[in-house]
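The values are calculated or read from the model by the stated rules, or taken from the named source; none is laboratory data. No experiment lies behind these values; they were computed from the predicted model shown. In this analysis, Cβ positions are derived from the backbone assuming ideal geometry, glycine residues included, and neighbour counts consider all displayed protein chains. Ligands, DNA and RNA are stripped out before the accessible areas are found, and what is left, the full protein with its side chains, is counted by its heavy atoms. Shrake-Rupley method; radii C 1.70, N 1.55, O 1.52, S 1.80 Å.
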Amino acid sequence: MSRLKKRYNSEIKASVISKFNLENKNLAPQLKKIVISMGVAEAVKDKNILQDCMSELSLISGQKPQVTVAKKSVANFKLREGQAIGLKVTLRGNRMYDFFDRFCNIVCPRIRDFRGFRKKGDGNGNYSLGLPDQQMFPELNLDNVKRDQGMNITFVTSAEKDTESLELLSQLGLPFERKQ
């Protein structure tokens, strides 16, 4: 069991239950999954870009990414239906907690001019954030990175309200910006 999951079960769960006055311990919000996605628009022009991003995303996440394809053809973007345009990875279980722990303690301090993430959920208890490039992950060898590629990270929780999910994520260690 990962260090963060033990901490969730022993400390954080009880704290969230008491803060929101939940009558049942099974109603306590928990982290369900983390989805990491990359939109690789340049893959339309060059197939090697998709392979490079796939290897980088597999190093970051620890598992093989899934290729996402275009659902519709758009002539203005020179995009055809079924063409590979992105990658995504869904992390669950111990890999999810390990990634979250590494992200909060190692990656976030390496982000340039970082003052915390905005406290704004999606209204359904989930939280998404975007990173401008992948170079802040220590798993990557910067000599092998050919181009900057941004990514989106979505933290899916079992909470129904944003206040509960943001409290859970902040207690797990996700750094949010502080009001001054």
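Going by what's in this entry, would S37 be described as open to solvent by 30 Å² or more (accessible area, probe 1.4 Å), in a helix (DSSP H, G or I) and either under 19 Å from R147 (Cβ atoms) or not hydroxyl-bearing (S, T, Y) (or both)?
no
Since F137 meets every condition but one in (1) closer than 16 Å to C104 by Cβ; (2) open to solvent by 80 Å² or more (accessible area, probe 1.4 Å), which condition does it not meet?
Result: F137 passes all but (2).
Among the residues of segment 10-34, write down those that are basic (K, R) and surrounded by fewer than 14 Cβ atoms within 10 Å (Cβ to Cβ).
Result: K19, K25.
Out of everything in segment 128-177 that is assigned to a loop (DSSP other than H, G, I, E, B) and polar (S, T, N, Q), what residue ends up being nearest to M38 (Cα to Cα)?
Q149
Quick check on segment 145-172: of everything there that is among the small types (G, A, S) and modelled with pLDDT of 90 or more, which residue is nearest to F99 (Cα to Cα)?
Restricting to residues being among the small types (G, A, S) and modelled with pLDDT of 90 or more, the top hit is S170.
Would you point out the residue of segment 56-79, among those that are within 17 Å of the chain's Cα centre (by Cα) and among the small types (G, A, S), that is surrounded by the fewest Cβ atoms within 10 Å (Cβ to Cβ)?
Of everything passing the filter in segment 56-79, G62 is surrounded by the fewest Cβ atoms within 10 Å (Cβ to Cβ).
Would you mention how many residues in segment 84-95 are part of a helix (DSSP H, G or I) and closer than 14 Å to L59 by Cα?
Selection size over segment 84-95: 1.
Rundown of residues vs (1) of a type outside the set (A, V, I, L, M); (2) on the phi > 0 side of the Ramachandran plot, yes/no style:
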site	(1), (2)
Y8	yes, no
A14	no, no
N21	yes, yes
Q30	yes, no
K45	yes, no
